[in-house]
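Just below is one structure, and these are the notes that go with it.
Just so it is clear, none of the values below were taken in a lab; they were calculated from the coordinates. Just so it is clear, the model here is predicted, and its values are computed rather than measured. Cβ placement follows ideal geometry from the backbone for every residue including glycine, while neighbour counts extend to all protein chains displayed.
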Amino acid sequence: MEKPKLLKHFIRNIDQEKEKDIVNLLFTGKKGKVEIINGMIVDITDQKLFEMKLKQMAYYDELTDLPNRKMIQKHLTKILARSKRHDHSFVVMFIDLDGFKKVNDTLGHEYGDLLLVEVAKRLNNTVRE
């Protein structure tokens, strides 16, 4: 028998929201004909959910759910490259909340957080993806 060939498949069952890896080892004889198939199915749903959560934590602010600096830098790099390739321009907007420190100092961080969340919601509702 020759060295086994590894076949790996990924399946997503949308109805059940499950994700599985299927791994098969194919053992072939001297003429290349498959003689033995050995395989297994592994439910990777929890692993994929964990990966999504890690990505969310890495690229989005926990309080406002807005993209963080790392995500913005990643997107700006892509946008800048695309802009140069296609000779298009783009705009970057920076927003500063004047007097925000005063909100935290007088009303407390709880109200400051509420204000940030509300501003984030309004930004998300007015800016296109």
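Computed values, structure above
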read-out	value
Environment charge of residue 24, counting only residues whose C-beta is closer than 14 Å and scoring Lys/Arg +1, Asp/Glu -1	+1
Unit charges at the beta carbon, dipole of the stretch 44-104: most positive-side option, 97, 64, 49	49
Chain lengthening between residue 31 and residue 114 when straightened (0.36 nm per residue, less Cα-Cα)	22.9 nm
Within the chain: Cβ-based charge dipole about Cα centre, in debye rounded to nearest 20 (Lys, Arg +1; Asp, Glu -1)	1100
Contour minus Cα-Cα distance for residue 22 and residue 91 (0.36 nm per residue)	20.3 nm
Globularity index of the stretch 63-126, i.e. its alpha-carbon radius of gyration over 2.2 N^0.38 Å	1.47
Computed helical MRE - 222 nm, the chain, DSSP H runs ≥ 4 contributing -39500 (n - 2.57), nearest 500	-15000 deg cm²/dmol
Alpha-carbon centroids, the stretch 56-121 and the stretch 1-47: separation in whole Å	43
Cα centre as origin, Lys/Arg/Asp/Glu Cβ charges: the stretch 63-126 dipole, Debye	580
Candidates 92, 117, 34, ranked by Gaussian network fluctuation over the chain, Cα under 10 Å, top entry	92
Residue of 23, 91, 119 that the Gaussian network model of the chain assigns the largest fluctuation, springs spanning Cα pairs under 10 Å	91
Choice from 85, 12, 69 showing the highest fluctuation, given a GNM over the chain with Cα pairs closer than 10 Å	85
Candidate lysines for bridging to residue 3, where Cα separation is under 25 Å - those fewer than 8 sequence places away on the same chain excluded	30, 31, 33
Residues of type lysines that residue 74 reaches as a straight line, Cα spacing below 30 Å, ignoring anything fewer than 8 places off in the same chain	18, 20, 48, 53, 55, 84, 101, 121
Three semi-axes of the equivalent ellipsoid, the chain, Cα gyration tensor, whole Å, largest first	50, 22, 12
